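Participant: To start, I am sharing the structure in question, which I have written as structure tokens.
The values are calculated or read from the model by the stated rules, or taken from the named source; none is laboratory data. What you see is a predicted model; the values in this text were computed from it and never measured. No Cβ is skipped: glycine too gets one built from the backbone with ideal geometry, and neighbour counts run over all protein chains shown. To get the accessible areas, we keep the full protein, side chains included, count just its heavy atoms, and leave off ligands, DNA and RNA. Shrake-Rupley method; radii C 1.70, N 1.55, O 1.52, S 1.80 Å.
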Amino acid sequence: MKVLGSLSEAMYTIGTAGHVDHGKSTLIKALTGIDPDRLPEEKAREMTIDLGFAWLRLPSSREVSIVDVPGHEGFIHNMLAGVAGIDLALLVVAADEGVMAQTREHVAILDLLELSHGVVAITKKDLVDEETLELVRLEVEELLAGTSLAGSPVVVCSAATGEGLPELVDALERELAQTPPRRDIGRPRLPIDRVFTLPGLGTVVTGTLTDGSLEVGEEVEVVPGGLRARIRGIHSHGRAVERAMPGRRTALNLPGLEVEAIERGMVVTRPNWLVPTTAVDVRLRVVPYLRRPLRHNMGVIFHAGTARVSGRLILLDRDEARAGEEAWAQLRLSRPVAVVRGDRYILRDPNDTLGGGTIVDVHAPRHRRFHLPTLVRLERLASGPPQQRVLELMGPHGHITWGELIAQVAMAEMEARQVVEGLIALGQVVALPPQGLEADTMLATSQALERWWRVAAEALGHYHRQWPLRRGMPREELRSRLHLPPKAFSALISLWEGEGKVRLTGEAVALSSHRPQLVGEQRRQADLFLEALRQRPYAPPSAGALDPELLSYLEEEGLIVRVAPDVAFAREAYQEMVDKVVAALQVQGRITLAQVRDMLGTSRKYAQALLEHMDRCHITMRVGDERVLRRRD
Ligand code: GDP
């Protein structure tokens, strides 16, 4: 048989669904030869770290993971493991009992998760006659009608006799061929469903990997909690592998971690991007057969990934949500969970599944109920075109870093890059700095730019009024007013400089209209001081008595050179002195302080201040008691 490489590379996970005792485990064992019910401890003794899950190599050579955990809670966890949960549902209905309560609930959950690929196995055919089989078949079709699984192929079989099993494998194969492979968006997450230790290995966690791949040796973080570890080994389908691929059942050996510190519901991922949350905004759909409505503020159990947390349901657009209805809601959770936008969730109470849907926003603020702008924003986040989703993520302030955007947007990095580049080309978004998107690149809407400019223009205007003689505000001061990280701030003021809004001189930022100017009394004082400098150019009066603002102004304007706190020379005088010292050094090679003093006809104080300044300017250099010229390379 010819096997296409791409077929065997795409990874899929099949999850079983159906009422207890309807024959799920027996069917999996008959299909795979692996008994999924065997106790984890029993397998542990064989020193394998891939526990309790089966896998199947289909005739096309496609290998699929099969998740079949007895018990109701386990079912929900596995439905939800990963963003898209399982890829395909194998709904098992016993021919002798037909559709039962859990069959109905599982189908409702699959529908809430919008799982659209499924195969129905009506098993235990050996126990019933043809007529009963037909009735069960009708019952199943009726159950699936109107759900995401409507029209799924139905195969009648028996695990006891083996009848219908080849047809079941064919049906799985055909459905999988139509199932899009898991997306690899370069952001691996492994929601932990089991954690245990093995002798000689240490802590092992298992789960279904989603959204990206993980490699042996890679550093990972466990969220919530933020514990770090390095992956020492990966097992998948009973084999040690170097790299775990999205869509696969995966076991990670994380020897550095204490098993007690890890629990089901936590997520293993790359460090530093996934921030757990206790409030999420969601689109909620109520299961269609629920007898009583969901009420605002009621207590619920929230399931997402493998996490299970109690919380409160805040209905944002109504007081009650009835069977089959859809609503906007916020869930306030009793403990943090590691989820991202676009993840699916289920709400239950201790007995029943109540509803579920998609997480639309994480780290959600408290909202006013029945508040139209909030509802419009949620609508856009949930179903707007990609550009709109990106703009919404930029929030009311209209800015976000590229790193934050990637962590929060439910899109592959490539796709997000295209969307952002499109917005930049349209002039709706500006990247600061504009070259290349890096984690700390700030993306800002034109509104955010306008707002920053208003803040900056006001702060600068105020500064210029307060310090009219200064060239401008220190950059750092303006940056802290704008609350911007250094790189984005530099890019922003360069942008403003290019637009002629500001002038940059050294560390000072000024409105381009700003001209430091002397007026009235200041001008008179400055003139007097400059005149006094001219009178005694090499031994001027102390600068210490002059207003420091005025002194700085004269210095910035290049009228004086300050060589020490209280010693300033007129610029021309300073230049003459420097030229004389340099000329002397060129002739004699070295010069003492006393020689400079005498040559300039000044006092030791001025000669020393001058020479120290020349040293600082790297014109001269001190050697013992003498100065020499610094060699210029
Ligand atoms: P699960 O709870 O859905 O996993 O159900 P199990 O696989 O544990 O099966 C429940 C019971 O049904 C067991 O006693 C099985 O031996 C029996 N069983 C499963 N499949 C068949 C079948 O095809 N024919 C018959 N006669 N019995 C079956």
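Participant: I'd like to check one number: the per residue accessible area of segment 433-563, probe 1.4 Å, reported in Å² as a whole number.
Facilitator: 52
Participant: Let me ask you something else. Return one whole number: the accessible area per residue of segment 277-377 in Å², for a 1.4 Å probe.
Facilitator: Using a 1.4 Å probe on heavy atoms only, each residue of segment 277-377 averages 41 Å².
Participant: Rounded to the nearest 0.05, what FRET efficiency do ARG322 and GLU142 have when you use their Cβ-Cβ distance and R0 = 30 Å?
Facilitator: 0.85
Participant: If you don't mind, another one. Residues with beta-carbon under 14 Å from that of ILE314, excluding ILE314: net charge, scoring Lys, Arg +1 and Asp, Glu -1?
Facilitator: Neighbourhood net charge equals +3.
Participant: Using a basic spin-label model with each label point 7 Å from the Cα along Cα→Cβ, how many nm lie between GLU458 and THR505?
Facilitator: The answer from the label model is 2.7 nm.
Participant: Suppose only helical runs count, i.e. DSSP H with n ≥ 4. What mean residue ellipticity at 222 nm does that imply for the chain under -39500 (n - 2.57) per run, divided by all residues and rounded to the nearest 500 deg cm²/dmol?
Facilitator: -10500 deg cm²/dmol
Participant: State the extension gain, in nm to one decimal, for the chain segment bounded by GLN608 and GLU242, taking 0.36 nm per residue of separation less the distance between their alpha-carbons.
Facilitator: 124.8 nm is the gain from fully extending GLN608 to GLU242.
Participant: Still on this structure: Could you do me a favour and compute the accessible area per residue for segment 116-227, 1.4 Å probe, result in Å²?
Facilitator: Result: 41 Å² per residue.
Participant: Here is a follow-up. Which percent of the accessible area of segment 443-543 is formed by carbon and sulfur heavy atoms (probe 1.4 angstrom)?
Facilitator: 53
Participant: Still on this structure, I have one more. In percent, how large is the relative contact order of the chain, given Cα pairs closer than 8 Å and 6 or more residues apart?
Facilitator: 8
Participant: Computing the accessible area with a 1.4 Å probe over protein heavy atoms, can you report the carbon and sulfur percentage for segment 189-269?
Facilitator: 51
Participant: For ARG366, ARG377, ARG264, write out the residues from largest to smallest accessible area, computed with a 1.4 angstrom probe and no ligands counted.
Facilitator: Sorted by accessible area, descending: ARG366, ARG264, ARG377.
Participant: Okay, moving on. Of PHE302, PHE370, which has the most accessible area with a 1.4 Å probe, and how do the rest follow in descending order?
Facilitator: Result, largest first: PHE370, PHE302.
Participant: Here's another thing I want to ask about it. Using a Förster radius of 22 Å, what is the FRET efficiency between GLN387 and ALA439 based on their Cβ-Cβ separation? Nearest 0.05, please.
Facilitator: 0.55
Participant: Hydropathy first: keep DSSP H helices in the chain averaging at least 1.6 on Kyte-Doolittle, then drop any whose Cα extent along the axis falls short of 27 Å, and list what survives.
Facilitator: none
Participant: Another question, then. For the pair ASP625/SER334, report the inter-label distance in nm, with labels modelled 7 Å from Cα in the Cβ direction.
Facilitator: 8.5
Participant: Another question, then. Determine how large the accessible area of LYS24 is when every protein chain is in place; take a 1.4 Å probe and give Å² rounded to the nearest 10.
Facilitator: Surface accessible to solvent at LYS24 totals approximately 30 Å².
Participant: With Cβ to Cβ distances under 13 Å as the rule, what net charge do the other residues near LEU484 carry (K, R +1; D, E -1)?
Facilitator: In short, +2.
Participant: Go ahead and run the numbers for FRET between ARG465 and GLN525, Cβ-Cβ distance against an R0 of 22 Å, rounding to 0.05.
Facilitator: Plugging the Cβ-Cβ distance into 1/(1 + (r/R0)^6) gives 0.65.
Participant: Extending each Cα 7 Å along its Cβ direction at VAL20 and ASP126, get the distance between those two points in nm, one decimal.
Facilitator: 2.5
Participant: Which aspartates and glutamates does LYS501 reach when only Cα atoms under 15 Å apart count, and residues fewer than 8 places away in its own chain are ignored?
Facilitator: GLU450, GLU458
Participant: Could you work out the Rg to Rh ratio of the chain, with Rh taken as the Kirkwood radius (inverse of the mean 1/r over all Cα pairs)?
Facilitator: 1.22
Participant: Let me ask you something else. If I compute solvent accessible area with a 1.4 Å probe over the protein chains, what percent of it on segment 310-360 is carbon and sulfur?
Facilitator: Ligands and nucleic acids excluded, carbon and sulfur give 39 percent.
Participant: On the full set of protein chains, 1.4 Å probe, figure out the accessible area of HIS483 and give it in Å² to the nearest 10.
Facilitator: Number for this one is 150 Å².
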